[in-house]
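Notes follow once the structure below has been shown.
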Amino acid sequence: MEKAIKRIILCSTLLILIFSIPVHAAGVGITLDGYFDDWSDKPQIILTPGGSGNMKQEHIVKWYTDDNYLYLYIDMSNSKKGQEPSCPIKYQINGTGQQYELQAKKGTGNSVQVFSNGKVIPNSGGLYGNSEVKCELKIPLSVFENGAKDQMLSIEMKFPNLGKGTIHFEVGSTHPYTGIAICSAVAFFSFIIYTRKKRKTA
């Protein structure tokens, strides 16, 4: 019986480890090259700030995450001529209400730079397309983790200059929950073994 219980503990541990994987979006990844065909299957939101004369502005934002980055696609094709997709990006973590802000701005050439507190975020940025009304960029997920390693975080992000609307995504790891599950399983089966031994010696 004890051997069977030990096998159950081992199998449970292996299964938890196998299915404990970092959370990221499914599908083909994103290449920041100024071409946007790899965004066709990504989730999107349409932001409408309101009309300007007889012109209705609709801005499209798409997003994608892998193990290391948040990727954003911003399409302002229906904006006024010459208006570039440079905008503040506001977000909050786990619904706390505390707002953080990033800035995506046009850099040299067709580059996009992402700033936090007036400084360029390392390993961030992207490119405009030929029309300069569409861009794609990436932001390291470590920016949102804010030093909170191995935690699952829910991010709510807004683009106030583009219009009303919110995107949601998660960053982090399921590993802490894995550890809790493993410890609980081991403690449970250890208690069973201890109880059986006590009954035999009674």
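Counting Lys +1, Arg +1, Asp -1, Glu -1, what net charge surrounds Asn94 among other residues with beta carbon under 14 Å of its beta carbon? That works out to -3.
Please give the FRET efficiency for Ser40 paired with Asn94, using the beta carbon to beta carbon distance and R0 = 35 Å, rounded to the nearest 0.05. Show your work: numbers first, answer last.
Values: r = 31 Å, r/R0 = 0.89.
Efficiency, rounded to the nearest 0.05: 0.65.
Shown are Trp63, Trp39, whose ranking by accessible area with a 1.4 Å probe and every protein chain present, most to least, is Trp63, Trp39.
Exceedance of the 18 Å cut-off in Cα-Cα distance is limited, within the set Lys138/Lys158; Lys62/Lys119; Lys106/Lys134; Lys42/Lys138; Lys62/Lys138, to Lys62/Lys119.
Distant-in-sequence amide contacts of Leu70, defined by a placed amide H-H separation under 5 Å and a gap of 5 or more residues or a different chain, comprise Ile139, Leu141. The modelled label-to-label distance for the pair Glu58/Ser154, using points 7 Å beyond Cα in the direction of Cβ, is 2.9 nm.
The values are calculated or read from the model by the stated rules, or taken from the named source; none is laboratory data. Predicted model only: the values in this text are computed from it and were never measured. So basically every Cβ, Gly included, is an ideal-geometry build from the backbone, and we count neighbours across all protein chains shown. We work out accessible area using only protein heavy atoms, side chains counted, and drop any ligands, DNA or RNA first. Shrake-Rupley method; radii C 1.70, N 1.55, O 1.52, S 1.80 Å.
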